[in-house]
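S.K.: One structure is given below, represented as structure tokens, and several questions about it will come after.
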Amino acid sequence: MLWNILWIFHSSKSLEANVYLEKDIDLKLNDDLIISTFIKKLSTFDQCDQLYLLNAFKSISLCGNPEKEFLCFIVHEVFEVTFGKNALCHLSKEGAVVLACIMKKYPDLLTTLLKEVKVNADDSVNHSLVMFEELDLSEWIPKCDDIRFIREWLLELPLSSPKNFLGRMLLSKMNWDFSNQGELALPLELHRETAVLVLEAYMKFDRKGNEWSVSNGLAQMLQFATVGNYAREEEGFVPWAWDLLFSLKLHALDKKFPMWVQIYDGFLDIDFLPDPFEELWLQPLLNGYEEKHPVACYLFLVMTNIGHNVRRLMIEGLQCLTALVKSRQYLAAIQSLYYILPFFVKNSEELLSQTE
């Protein structure tokens, strides 16, 4: 029945001539020509009728339990009407409200919204960024396609691109914290994959990791403290990257109830931690470590088995910490010390015996 209602909105024929099966209506409505014609037709209405239609779309989506294909079409059409190539730009504010309401009830539909971004030009995406800024992503668990889109935008597009900016915005707005049950809201694997993605994007922007550091001046320190998590300007990229990295839960201590005793007593099981010298997906991390890139050094300390083993901390760990200090990434060095020092509470002789 809902498909039939939509078809009435789109069809120029009389109701009597529009008796279609639901599947037929689905196929017809997803025709780009049908949507383009609908937008032209809608542009001839007065603004009150246009707003009424958008609110009707919102009500249809939020009431009851419509099928997913129907909801995906609504998201597609509202985006095209308010942000797409032939959009009615004066409806963008109302379109943003409609989409935000739908996303709040159906967070997984953000995948559909990102597909719209992927196929639209930069002008349309740029126009929609305000809408994305208002979305609540605390319940969103991204799918493989979502991460693939974000990865493509971060690694293949310039920092000035709206899609690159959107990718950074999405990562910053995701819930990297704990749920009420004490578990991570997002899978640990996603935390780790995101850390490596940030490293790759960082090395694309700054191969040596020397473009920005806290020691470069008070102004940049203030910028790091006050900049939005996803500052659009190029100079905002590095503060964004470090802020996101500090938000990820990568270390054994990054738990609702940290395992202090096991670390103090040296009984921490590190089998669950990735080994950068053994695991292929960590090749970018290993490459960065060999170049002593500060992000790679930080991740070596907090994410891998290197940073959770006293003997390896004395070798690779100290090398990483030294690299962070030499690159003047003092905040990262201090954060690393928070994770490193507990391993030496009962192993101070290891530090005292270090001659280098």
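The values are calculated or read from the model by the stated rules, or taken from the named source; none is laboratory data. None of the values given here were measured: they were computed from a predicted structure. Using ideal geometry, Cβ is built from the backbone for each residue, glycine included, and neighbour counts are taken over all protein chains shown.
S.K.: When the residues of region 71-93 are filtered to those that are more than 16 Å from F38 (Cβ to Cβ) and of a type outside the set (K, R), which remaining residue is nearest to the chain's Cα centre (by Cα)?
M.R.: As a first pass, look at region 71-93 and keep what is more than 16 Å from F38 (Cβ to Cβ): 71-72, 89-90, 92-93.
If we keep only those that are of a type outside the set (K, R) as well, we get 71-72, 89-90, 92.
Working: L71: 23, C72: 21, C89: 27, H90: 29, S92: 23 Å.
My answer is C72.
S.K.: Checking E156 against (1) in contact with a helix residue (DSSP H, G or I) (Cβ under 8 Å, 6 or more places away or on another chain); (2) surrounded by fewer than 18 Cβ atoms within 10 Å (Cβ to Cβ), which test does it fail?
M.R.: (1)
S.K.: (1) within 24 Å of E279 (Cβ to Cβ); (2) free of Cβ contacts under 8 Å to residues at least 60 places away in the same chain; (3) in contact with a helix residue (DSSP H, G or I) (Cβ under 8 Å, 6 or more places away or on another chain); (4) not in a helix (DSSP H, G or I): which one isn't true of L186, the others all being true?
M.R.: The one condition L186 does not meet is (3).
S.K.: Count, please, the residues in region 301-320 that happen to be under 28 Å from the mean Cα position of the chain (by Cα) and over 18 Å from D206 (Cβ atoms). Talk me through it step by step, then tell me what you get.
M.R.: Here is the first cut: in region 301-320, the ones under 28 Å from the mean Cα position of the chain (by Cα) are 301-308, 320.
With the extra rule that they be over 18 Å from D206 (Cβ atoms), the set shrinks to 301-308.
Looking only at that region, the number is 8.
S.K.: Mind listing whichever residues of region 51-69 are more than 13 Å from L99 (Cα to Cα) and either crowded, with 18+ Cβ neighbours inside 10 Å or among the aliphatic types (A, V, I, L, M) (or both)? Explain how you work it out, then say what you get.
M.R.: Quick first cut of region 51-69, residues more than 13 Å from L99 (Cα to Cα) only: 51-53, 63-69.
Passing the criteria: L51, L53.
S.K.: W260 passes all but one of (1) over 16 Å from Y339 (Cβ atoms); (2) at pLDDT below 95; which number fails?
M.R.: The single condition W260 does not satisfy is (1).
S.K.: L273: surrounded by fewer than 23 Cβ atoms within 10 Å (Cβ to Cβ), part of a helix (DSSP H, G or I), in contact with a helix residue (DSSP H, G or I) (Cβ under 8 Å, 6 or more places away or on another chain) and hydrophobic (A, V, I, L, M, F, W, C), yes or no?
M.R.: Numbers: surrounded by fewer than 23 Cβ atoms within 10 Å (Cβ to Cβ): yes; part of a helix (DSSP H, G or I): no; in contact with a helix residue (DSSP H, G or I) (Cβ under 8 Å, 6 or more places away or on another chain): yes; hydrophobic (A, V, I, L, M, F, W, C): yes.
The answer is no for L273.
S.K.: Checking L137 against (1) among the hydrophobic types (A, V, I, L, M, F, W, C); (2) in a helix (DSSP H, G or I); (3) within 19 Å of the chain's Cα centre (by Cα): exactly one of these is not met. Which one?
M.R.: The one condition L137 does not meet is (2).
S.K.: Condition test on P284, is it under 29 Å from F205 (Cβ atoms) and assigned to a loop (DSSP other than H, G, I, E, B)?
M.R.: Numbers: under 29 Å from F205 (Cβ atoms): yes; assigned to a loop (DSSP other than H, G, I, E, B): no.
Taking the combined requirement at face value, the residue does not satisfy it.
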